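The values are calculated or read from the model by the stated rules, or taken from the named source; none is laboratory data. Predicted model only: the values in this text are computed from it and were never measured. Ideal geometry is used to build each Cβ from the backbone, glycine not excepted, and the neighbour counts take in all protein chains shown. For the accessible areas, the whole protein counts, side chains as well, though only heavy atoms, and no ligand, DNA or RNA atoms are used. Shrake-Rupley method; radii C 1.70, N 1.55, O 1.52, S 1.80 Å.
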Amino acid sequence: MYCYCLFRSHFSQNNIFACCDVFIDFKKAYYSVRTEVLYKILIEFGIPRKLVRLIKTSLNETYSRVRVGKNVSDRFPIRNGLKQGDALTPMLFNFALDYAIRTVQVNQDGLKLNVTHQLLAYADDVNILGGSIHILKENAEALVAAAREIGLEVNADKTKYMVMSQEHNAGRIHSVRIDNSTFDRVEEFKYF
């Protein structure tokens with residue numbers, strides 16, 4: 001409700017007649033982060049090398065076992081991504097996603113609400129806003145490419161787009177294609 005009121009207020013104050021959103025969901029986001037890229041990102045953000053080495057040790061020297069009933073498997077190494085349930089994981093993921101977002105050249109023609117950028121992120125869910133489908137696609141393509149560099153892949157089944165408009169005929173397109181994936185249009189979306 002709050003989001004709808006904000007958009008409605010913004011539309012009427014700024015004579016904007018359409019707002020396009022793409023709600024991006026990443027596949028197995030924590031497990032997909034390329035840890036070697038993450039270490040470089042942490043250093044670029046100014047994290048001390050000693051701390052980065054400690055993080056690297058905690059991620060690289062991890063083993064697990066599987067228990068089924070009374071049987072326990074031999075231990076095996078966990079080789080990819082961040083550890084689910086680890087207290088550091090959300091913060092490390094935020095560094096990686098923030099890096100991808102910062103590397104994107106944000107299109108200046110995108111929709112801005114309250115003079116802020118047109119991208120919202122919560123955990124591994126990203127919402128990109130645009131004043132048109134064209135601008136939305138450009139910004140989404142740039143973010144998807146940057147996210148791919150850190151290991152993230154878009155979950156096409158859960159990624160959707162929406163058009164909010166005062167005109168009833170706006171956004172007749174029923175799907176949008178971004179980076180070889182097709183995203184369906186929805187009339188409503190529950191974000192995070």
> Does region 156-170 hold any residues that are at pLDDT 70 or above and not β-branched (Val, Ile, Thr), and which are they?
Replying inline: 156, 157, 158, 160, 161, 162, 164
> Mind checking whether some residue in region 141-148 is surrounded by fewer than 18 Cβ atoms within 10 Å (Cβ to Cβ) and either touching a helix residue (DSSP H, G or I) at 6+ places or on another chain (Cβ under 8 Å) or at pLDDT below 80 (or both)?
Replying inline: no
> Looking at (1) closer than 24 Å to residue 146 by Cβ; (2) in contact with a strand residue (DSSP E or B) (Cβ under 9 Å, 6 or more places away or on another chain), which is the only condition residue 46 fails?
Replying inline: (2)
>> Consider region 26-69. How many of its residues are acidic (Asp, Glu) and either in contact with a Leu (Cβ under 8 Å, 6 or more places away or on another chain) or modelled with pLDDT of 85 or more (or both)?
In response: 2
> Just one of the numbered conditions (1) at pLDDT 90 or above; (2) small (Gly, Ala, Ser); (3) loosely packed, with under 10 Cβ neighbours inside 10 Å is not true of residue 96; which one?
Replying inline: (3)
> For region 46-90, which residues satisfy the criterion of being surrounded by 12 or more Cβ atoms within 10 Å (Cβ to Cβ), touching a Phe, Trp or Tyr at 6+ places or on another chain (Cβ under 7 Å) and of a type outside the set (A, V, I, L, M)?
Replying inline: 56, 80, 81, 89
> List pairs: first in region 123-137 and polar (S, T, N, Q), second buried (at least 22 other Cβ atoms within 10 Å of the Cβ), Cβ under 7 Å, 6+ apart or cross-chain?
Replying inline: 127/21; 132/20
> Do the conditions hold for residue 173, that is, is it hydrophobic (A, V, I, L, M, F, W, C), open to solvent by 40 Å² or more (accessible area, probe 1.4 Å), modelled with pLDDT under 85 and more than 27 Å from residue 40 (Cβ to Cβ)?
Replying inline: yes
> Has region 114-121 got at least one residue that is in contact with a helix residue (DSSP H, G or I) (Cβ under 6 Å, 6 or more places away or on another chain) and either aliphatic (A, V, I, L, M) or modelled with pLDDT of 90 or more (or both)?
Replying inline: no
